[in-house]
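K.L.:
Here it is, the structure in full.
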Amino acid sequence: MRSRWRIYLLFATVMLCGAYSGNVLQSVFAQKMVPPNEVSLCETEELKWQLKQMEKLMQRQQEQIQALRNRIEALSTEPAPITQAEIQHEIKDYIATDEARKKMALGMPAMTTIYTPDEDKFSIGFKSADDDYSLGIGFRLQFRGAYKDRDEDVGRNDTMNMDIRRARLCFGGNIYSKMTHYYVEIDGDSFDLGVRDFYVYWTPLPELNAKIGYFKVPFNQQRMTTSVKLLFQDRAIASEEFDQDRDYGFDIYGKPFDGYLEYHAAMFQGAGEDDEDRGTEDNPDNELMYVFNVRYNPFGKYDNVDETDVKYTEKFKASVAASVVVNPKERDGKFEDTDGLQGVVELSMKYRGFSWHNEYFMRSEEPEHGGESFESSGFFSQAGYFIIPKRLEVAARYSYLDRDKDVSDDIGREYSGGINYYFRPGVHRSKLQADFGHYENSDERGREQTGSENQVRLQYQIVF
């Protein structure tokens, strides 16, 4: 029995070995049957794939090496030291912010930039955290020396003097909201202290604004221009004769159509600031003064509060305007029982340091209860040019004044030339003005009506 099982086991072992040997031989035979070129092709593809993988690996290594180099260079570079002045500047800037003042509970208004009604900066400005309250403070001084060569044939002697022509302290800002503004100006001209302007104005829209108080009558451009920005030291004799100066009143004004158009519609007491010196009542005939003004700027906004082109206008600018006054004043005085009408037409332009401005005046007055009526007229034309842009300017002006067309010997004339030097380029804050004027039948303000005079003036102006 055991022998039989041994035979079966031996037989099975032989069969398994035969099957294994057959499979091995078949595999070897199959390999020998594969063509040689097919084997070579497979190896080439395999090598190419391996080469690509190695190239990608080397590229990543190069990138990592460059990143390490950049990091080492950045760490090795020492930062620039911060100076004490830079630290102080940063601290001051931060303390001036509303956030810092609230955190430190300072309770004081922050320093800020506040602009005058003429769009110039005040020297010092403060505002509340919510911007509803602000205060700006400014000052200007004009110190002048003048020599007058007068006509001795009419008993007038030569004079030489030094004077404070204008000394002004002004305050302004907004109150209650960003649209409600105020302005006050105090003068110490020739050491005669007084209040020059005081008014409140609202600016809800560029096209519609309002002003109430005591201020310049919006009649002619030269009077509306601040004395800081005049081409000459004083206004022309025709302007002095016909302008309406200041008065108590109410003005509605605006600049619609992006500044291409400007207008004023105002009414005033019409008594003038010198009326008290005349010994008369504020409004003796109970008639108010009415003013209508319109201006067209064909090339866009025009800076009509500056007679010069100190800002050096790169694009040509021009402006034409007309105004009419019902019941006008004469030399800032009101006459009783007189119907009056006065008008002015203007033309001005600026371009690359050149400025040219012209005004022509007409006035008619007629007594209400009979009597002779009379008419008067006048004009001036002036031009300036910067021979050194924003620094050195030359100027010339001619003005004509006919006080009464029915009188032949009351004609006044002005011939003036001047030179201005601006210590701070592009602004009027510090400048020196020199001019020479010849006046016939008039003085520099159009007041004298006899004789003639020559005048040489030198004036220094500082604004802060």
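K.L.:
Name the residues in the stretch 181-194 that are in contact (Cβ under 8 Å) with a residue 12 or more places away in the chain and either surrounded by fewer than 15 Cβ atoms within 10 Å (Cβ to Cβ) or within 19 Å of Asp245 (Cα to Cα) (or both), would you?
P.N.:
Selection gives Tyr183, Val184, Glu185, Ile186, Asp187, Gly188, Asp189, Ser190, Phe191.
K.L.:
For Tyr400, which of the numbered conditions (1) touching an Asp or Glu at 6+ places or on another chain (Cβ under 7 Å); (2) open to solvent by 40 Å² or more (accessible area, probe 1.4 Å) fails to hold?
P.N.:
Against the list (1) touching an Asp or Glu at 6+ places or on another chain (Cβ under 7 Å); (2) open to solvent by 40 Å² or more (accessible area, probe 1.4 Å), Tyr400 comes up short only on (1).
K.L.:
Of all residues in the stretch 176-202, count the ones that are modelled with pLDDT under 95 and of a type in the set (Val, Ile, Thr).
P.N.:
2
K.L.:
Separate question: What do you reckon, is Ile164 open to solvent by less than 50 Å² (accessible area, probe 1.4 Å) and either charged (D, E, K, R) or over 13 Å from Tyr183 (Cα atoms) (or both)? Break it down into steps so the answer makes sense when it comes.
P.N.:
Values: open to solvent by less than 50 Å² (accessible area, probe 1.4 Å): yes; either charged (D, E, K, R) or over 13 Å from Tyr183 (Cα atoms) (or both): yes.
So Ile164 fits the description; yes.
K.L.:
Mind checking whether some residue in the stretch 361-370 is open to solvent by 70 Å² or more (accessible area, probe 1.4 Å) and hydroxyl-bearing (Ser, Thr, Tyr)?
P.N.:
There is no residue in the stretch 361-370 that is open to solvent by 70 Å² or more (accessible area, probe 1.4 Å) and hydroxyl-bearing (Ser, Thr, Tyr).
K.L.:
Also: Among (1) open to solvent by less than 20 Å² (accessible area, probe 1.4 Å); (2) more than 18 Å from Ser239 (Cβ to Cβ), which single condition is Asp409 missing?
P.N.:
It is condition (1) that Asp409 fails.
K.L.:
Being among the hydrophobic types (A, V, I, L, M, F, W, C) and open to solvent by less than 60 Å² (accessible area, probe 1.4 Å) narrows it down to one of Leu392, Leu458, so name that one.
P.N.:
Leu392
K.L.:
Follow-up. Filter the stretch 412-464 for residues that are among the polar types (S, T, N, Q) and under 31 Å from the mean Cα position of the chain (by Cα); which is nearest to Ala236 (Cα to Cα)?
P.N.:
If we take residues in the stretch 412-464 being among the polar types (S, T, N, Q) and under 31 Å from the mean Cα position of the chain (by Cα), then Ser416 is nearest to Ala236 (Cα to Cα).
K.L.:
Scan the stretch 418-431 for residues that are open to solvent by 50 Å² or more (accessible area, probe 1.4 Å) and assigned to a strand (DSSP E or B) and jot them down.
P.N.:
Once the filter is applied, which keeps residues that are open to solvent by 50 Å² or more (accessible area, probe 1.4 Å) and assigned to a strand (DSSP E or B), the stretch 418-431 yields Ile419, Tyr421.
K.L.:
Scan the stretch 165-175 residue by residue and report those that are under 18 Å from Lys127 (Cβ atoms) and either in contact with a helix residue (DSSP H, G or I) (Cβ under 6 Å, 6 or more places away or on another chain) or assigned to a loop (DSSP other than H, G, I, E, B) (or both). Working first, answer last.
P.N.:
At the first step, the residues of the stretch 165-175 found to be under 18 Å from Lys127 (Cβ atoms) are 170-175.
Result: Ile175, single match.
K.L.:
State yes or no: is Tyr415 within 25 Å of Gln244 (Cβ to Cβ), surrounded by fewer than 21 Cβ atoms within 10 Å (Cβ to Cβ), free of Cβ contacts under 8 Å to residues at least 60 places away in the same chain and not basic (Lys, Arg)?
P.N.:
no
K.L.:
Any residue at all in the stretch 384-402 that's within 25 Å of Ser348 (Cα to Cα), touching a residue at least 60 places away in the same chain (Cβ under 8 Å) and of a type in the set (S, T, N, Q)?
P.N.:
First, the residues of the stretch 384-402 that are within 25 Å of Ser348 (Cα to Cα): 384-402.
Next, only the ones that are touching a residue at least 60 places away in the same chain (Cβ under 8 Å) stay: 384, 386, 389-390, 393, 395, 397, 399-401.
Then drop every residue that is not of a type in the set (S, T, N, Q), which leaves 399.
The answer is yes, given that some residue of the stretch 384-402 is within 25 Å of Ser348 (Cα to Cα), touching a residue at least 60 places away in the same chain (Cβ under 8 Å) and of a type in the set (S, T, N, Q).
K.L.:
Any idea which of Gly213, Gly188 is of a type in the set (Gly, Ala, Ser) and on the phi > 0 side of the Ramachandran plot?
P.N.:
Going through Gly213, Gly188 in turn, the sole match is Gly213.
K.L.:
Can you pull out the residues in the stretch 281-334 that are aromatic (Phe, Trp, Tyr) and either surrounded by 18 or more Cβ atoms within 10 Å (Cβ to Cβ) or within 18 Å of Ile252 (Cβ to Cβ) (or both)?
P.N.:
Within the stretch 281-334, the first condition is being aromatic (Phe, Trp, Tyr), and the residues that meet it are 290, 292, 296, 299, 302, 312, 316.
Answer for the stretch 281-334, where residues must be aromatic (Phe, Trp, Tyr) and either surrounded by 18 or more Cβ atoms within 10 Å (Cβ to Cβ) or within 18 Å of Ile252 (Cβ to Cβ) (or both): Tyr290, Phe292, Tyr302.
K.L.:
Does Ala434 fit the bill of being open to solvent by less than 70 Å² (accessible area, probe 1.4 Å), more than 21 Å from Leu141 (Cβ to Cβ) and aliphatic (A, V, I, L, M)?
P.N.:
Here the answer is no, as Ala434 does not meet what is asked.
The values are calculated or read from the model by the stated rules, or taken from the named source; none is laboratory data. Bear in mind that the values here come from a model prediction, so they are computed numbers and not experimental data. Positions of Cβ are backbone-derived with ideal geometry, glycine not excepted, and every protein chain shown enters the neighbour counts. We work out accessible area using only protein heavy atoms, side chains counted, and drop any ligands, DNA or RNA first. Shrake-Rupley method; radii C 1.70, N 1.55, O 1.52, S 1.80 Å.
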